[in-house]
Each structure stands twice: as structure tokens, then as C-alpha cells.
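The values are calculated or read from the model by the stated rules, or taken from the named source; none is laboratory data. Note that the structure is a prediction, hence the values are computed from the model and not measured. As a convention, Cβ positions derive from the backbone with ideal geometry for all residues, glycine included, and neighbour counts pool all protein chains shown.
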Amino acid sequence: MTTHAVSTREQWLEQRLELLAAEKEHTRRSDELARQRRALPWVRIDKPYRFDTDDGEATLAQLFRGRSQLLVYHFMFGPDYRAGCPSCSAIADGFDGFAVHLANHDVTLMAVSRAPLAKLQAYKQRLGWRFPWASSQDSDFNFDFSTSITEEQQRVGAVEYNYRRGGHPIAATQFPEPVVQFAASCGTDAPTYVRDRPGMSAFVLEDGVVYHSYSTYARGLDGLWGMYQWLDRAPKGRNESGIWWKRRDEYGAP
């Protein structure tokens with residue numbers, strides 16, 4: 001027998017209408033946050049970043065693929081990984097469908113990682129993805145946008161992530177078990193695994209000049225997890241006590 005509250009349809013509707021008012025307020029607040037994101041000043045990018053892509057070497061401007069806006073997902077796949085981060089992989093499972101719509105709205109969606117292009121291509125083929133994915137292996141791009149650190153930075157704790165400097169878990173010497181498990185699933189150890197972190201950055205191209213407009217990290221990426229948007233509306237919600245997700249080809253038959 002259920003332990004959850006049970007009511008009549010009329011009682012449910014009364015509470016649902018109260019919740020609807022809160023949801024509408026949340027939507028209005030979300031719209032205002034989006035406006036504030038768009039109102040942020042742009043920062044000109046003059047550094048000559050270089051990337052390896054399926055079409056050859058490219059500049060940051062060339063990653064736009066003829067469009068005026070570029071959304072980059074900083075995918076955790078370091079040079080020493082043998083597979084991409086399971087969490088980033090769960091997020092990226094939705095990219096192919098979104099990328100088509102975005103491309104027809106003057107926006108290019110691109111993943112960028114420090115792993116060599118050949119590793120990215122093999123992993124992309126494994127999971128059946130088609131979205132563009134560039135390697136920044138020989139570039140400062142990930143470091144400059146706070147999604148990668150060097151061994152030296154990790155050793156001395158000179159780390160900035162999610163707009164906080166110092167004392168972040170990325171520079172830890174002891175790691176929780178889920179991090180150790182994720183690192184092992186990527187074919188590496190925990191210290192190496194956490195030298196790369198997830199993030200999302202937005203850029204705009206005007207008159208041949210690239211500008212940085214926005215970046216977000218950590219829980220700021222929640223809205224990109226398509227599965228969580230559905231779970232937050234499911235009867236039992238996220239219903240999790242630990243790491244439960246895997247790469248989608250690692251689940252057994254449902």
C-alpha cells in the first residue's frame with residue numbers, strides 16, 4: 001500500500017493550481033535570468049586558439065561553421081582518458097537532436113575536449129553520435145576557460161573553477177568513491193580524471209571578431225541534462241542516493 005499522500009481529484013486540483021502559480025513565477029524568473037545572461041558584456045578573444053576537427057585544423061572562428069553564434073560544451077575527455085566521462089556522455093546523448101534545430105537558428109553546437117581527435121572520433125562512433133567534436137589538445141582553450149588544470153596547479157592548489165579560486169575538490173588529494181569509479185571507467189586514476197571538468201561556453205562572431213559572452217559550470221549545467229528535466233517531473237523525482245547513470249551502451253536490457 002502506498003505511503004504517499006492520496007486525495008480526491010478535486011483536492012489534487014486545488015494543490016495543483018497552487019503549484020502552477022509557483023511554476024509560472026519560476027518561468028518568469030528563468031526568463032529574467034536569460035535576459036541578464038544576454039545583457040552581459042562581451043569579451044574580445046584575440047588569442048589564436050587552434051583545434052583539430054573532422055575537417056582539419058580550425059581556428060575558433062572556424063568552429064562557428066558560418067554561423068554567428070557558437071555554444072561549446074567542455075566535455076570531460078582528457079588526453080590520458082580511454083573513454084569520455086559518463087556524466088558528460090549522458091548530457092551529450094541529447095546533442096544530435098538539438099544541434100539540428102540550433103543550426104537552423106544561427107547557432108552551432110560543438111563539443112570540445114583535450115583528448116586527441118582520434119580518441120574523440122572512436123568514442124563518437126561507439127555511441128553513434130554525429131554532433132561536431134573538436135580536440136583542443138595543443139591549445140590553451142580548456143585552461144583559459146577554467147575546465148582544465150595542469151599537474152602543477154593541482155599540486156599547489158592554484159585552481160579556479162565555477163568562479164571560485166582555491167580549495168576546490170578538483171585539487172583534492174583524497175577523492176570520494178564515485179569519482180574513483182568514474183575515473184576507472186575512463187581508464188585513468190582520480191587525480192588525472194579531475195584535471196578536466198565540465199562546462200559550457202558561449203561565443204559570438206561579429207565582423208570577423210570572436211567574443212566570449214557566457215560560461216557556466218557545475219550545477220549551472222543542470223538544465224543541459226535532458227534526463228533530469230524529465231525525472232524532475234516524474235512521480236518519484238530524481239530518486240537517487242548516489243551515481244546511478246552509465247554510458248547508454250553499458251546498461252543491460254530494460
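The table that follows gives values for the structure above.
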{"item": "Top-ranked residue in the range 132-144 [being crowded, with 19+ Cβ neighbours inside 10 Å and not small (Gly, Ala, Ser); ranked as farthest from the chain's Cα centre (by Cα)]", "result": "Gln137"}
{"item": "Residue, nearest to Cys88 (Cα to Cα), within the range 195-213, restricted to residues that are in contact with a strand residue (DSSP E or B) (Cβ under 8 Å, 6 or more places away or on another chain) and exposed (fewer than 15 other Cβ atoms within 10 Å of the Cβ)", "result": "Tyr211"}
{"item": "Close pairs (8 angstrom Cβ cut-off, 6 or more residues apart or separate chains): without any contact (Cβ under 8 Å) to a residue 12 or more places away in the chain in the range 49-77, in a loop (DSSP other than H, G, I, E, B) anywhere", "result": "Thr59/Pro48; Thr59/Tyr49"}
{"item": "Subset of the range 204-254 [assigned by TED's automatic domain parsing to the domain that holds Gly97, of a type in the set (D, E, K, R) and in contact with a Ser or Thr (Cβ under 9 Å, 6 or more places away or on another chain)]", "result": "Glu206"}
{"item": "Subset tally (residues that are surrounded by fewer than 15 Cβ atoms within 10 Å (Cβ to Cβ) and within 19 Å of Ala99 (Cβ to Cβ)) for the range 215-226", "result": "1"}
{"item": "Residues that are exposed (fewer than 15 other Cβ atoms within 10 Å of the Cβ) and either assigned to a loop (DSSP other than H, G, I, E, B) or without any contact (Cβ under 8 Å) to a residue 12 or more places away in the chain (or both), drawn from the range 90-115", "result": "Gly97, Val100, His101, Asn104, His105, Asp106"}
